[in-house]
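The values are calculated or read from the model by the stated rules, or taken from the named source; none is laboratory data. Here the structure is a predicted model, which is why all the values come from computation and not from measurement. For neighbour counting, all protein chains shown are included, and Cβ atoms are generated from backbone atoms with ideal geometry for every residue, glycine included.
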Amino acid sequence: MNYNNPNLVFKEIPTGKVGWCSPSNIALVKYWGKTGIQIPANPSISFTLSKSITETIINFSPSKNDRCNLDFYFDGIPNAKFAEKTSEFFKKLVDIFPFIKQLDFSIYTKNTFPHSAGIASSASGMSAIAIALCDIENQFFNTFHTEDEFYQKASYIARLGSGSACRSIYGSIVSWGEIKELDYTSNLWGSRLKFEVNPVFKDYHDSILIVDSGEKKVSSTVGHGLMNNNPFSKSRFIQANNNIKNLLDVLRSGDLEEFVTIVENEALTLHAMMMTSYPSFLLMKPNTISIIENIREFRNSTGIPVSFTLDAGPNIHMLYPHSFKDKVQSFIESSLKVFTQNEVIHDNVGSGPEKLQP
Ligand code: PMV
């Protein structure tokens, strides 16, 4: 599939505005390791979140000098790092959206969560920009025949910005990467699961315990690259494919015991991969371990099927069914909050990006 399209050039260059908010997502089976142009080494599946979102408004106007100039404001303040990152992203997209070179952009974003808290802000941020660019194409070139075409392209574009961002384009539970059992899946974009998911997962909770909101110790790009020489990577990719297969069964059956096993295995394997790379990274903090131990003890003593997962950082995502919301949240208050920076974000499975009326 090639989205390059030399016809997407304005005859009359417009001034305008588009706005989208897009959520973060939390992977249940992790993407860690890639090849080629953002092709995942193994498929992944995530919950799209509801409250951890990025709001992005893109103002565009005719370029002053026939090349794309870009300003980026984060929380209303100019942000040179994000401006550079977005400019690099736009450079990769000029064959797909040639109109980019005809425009100047002022991009305004804000997150509902700390942007370096280890919550995937690149997923929400890049997916919001990707979908906004597709919206510009849709408004001025009228190229999409169906909603599916629109979202598939948005997911493809988001993937080029940050792999996991391609899953944020859809709500609920999303896969990315070729899965043998699901013939509609692709390495190039995320897909909504097309089978009937057990209702227990439709309103699943994710309480994010912020253990450390500092900058990431290792960028995703470096982290993925380390898998090329990790002695365990081959087995890891086999394991991920097995976990995907088993997770698909669980998502149908609602077997929460197996869900806990898969999700925790994935989280700890992701960190094991970082610990066994050259150079190695230890991204958990002592409080991360304390929380994990407490969650496991709580689960054993109460029988409540709460599980934890981690991104490439020290913060804990606690996953649990809606029916245990009160019990789990009072456990967090009484026993776990002390291990955090006094910050817990109570999120849950959400319905995906929404258009803003800027
Ligand atoms: O999308 P990236 O390149 O930031 O990688 C994300 C990797 C993990 O968050 C650790 C796992 C995942 O699948 O989201």
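Looking at the structure I just gave you, is Asn246 within 30 Å of Lys202 (Cβ to Cβ), polar (S, T, N, Q) and touching an Asp or Glu at 6+ places or on another chain (Cβ under 9 Å)?
yes
Quick one: is Asn315 within 21 Å of Asp206 (Cα to Cα) and touching a residue at least 60 places away in the same chain (Cβ under 8 Å)?
yes
From the list His224, His145, which one is assigned by TED's automatic domain parsing to the domain that holds Lys327 and either more than 16 Å from the ligand (Cβ to nearest atom) or touching a strand residue (DSSP E or B) at 6+ places or on another chain (Cβ under 6 Å) (or both)?
The unique qualifying residue is His224.
For the stretch 172-223, what are the residues that are among the hydrophobic types (A, V, I, L, M, F, W, C) and farther than 30 Å from Lys325 by Cα?
Matches in the stretch 172-223: Ile179, Leu182, Leu188, Trp189, Val218, Val222.
If Asp203 passes every condition in (1) within 16 Å of the ligand (Cβ to nearest atom); (2) over 17 Å from the mean Cα position of the chain (by Cα) but one, which one does it miss?
(1)
Check off (1) in a helix (DSSP H, G or I); (2) within 25 Å of the chain's Cα centre (by Cα) for Phe298 and give me the number that stays unchecked.
(2)
Out of Phe99, Phe60, Phe113, report the one residue that is touching a residue at least 40 places away in the same chain (Cβ under 8 Å) and assigned to a loop (DSSP other than H, G, I, E, B).
One residue alone meets the criteria, Phe113.
Give the residues of the stretch 1-36 that are among the small types (Gly, Ala, Ser) and either more than 22 Å from Lys91 (Cβ to Cβ) or surrounded by fewer than 21 Cβ atoms within 10 Å (Cβ to Cβ) (or both), sorted by residue number.
Gly16, Gly19, Ser24, Ala27, Gly33, Gly36
Name the one entry in Ile39, Ile45, Ile157, Ile77 that is within 16 Å of the ligand (Cβ to nearest atom), surrounded by fewer than 16 Cβ atoms within 10 Å (Cβ to Cβ) and not charged (D, E, K, R).
After ruling out the rest, the residue left standing is Ile39.
Is it the case, given these coordinates, that Leu256 is touching a Pro at 6+ places or on another chain (Cβ under 7 Å), in contact (Cβ under 8 Å) with a residue 40 or more places away in the chain and among the hydrophobic types (A, V, I, L, M, F, W, C)?
Yes.
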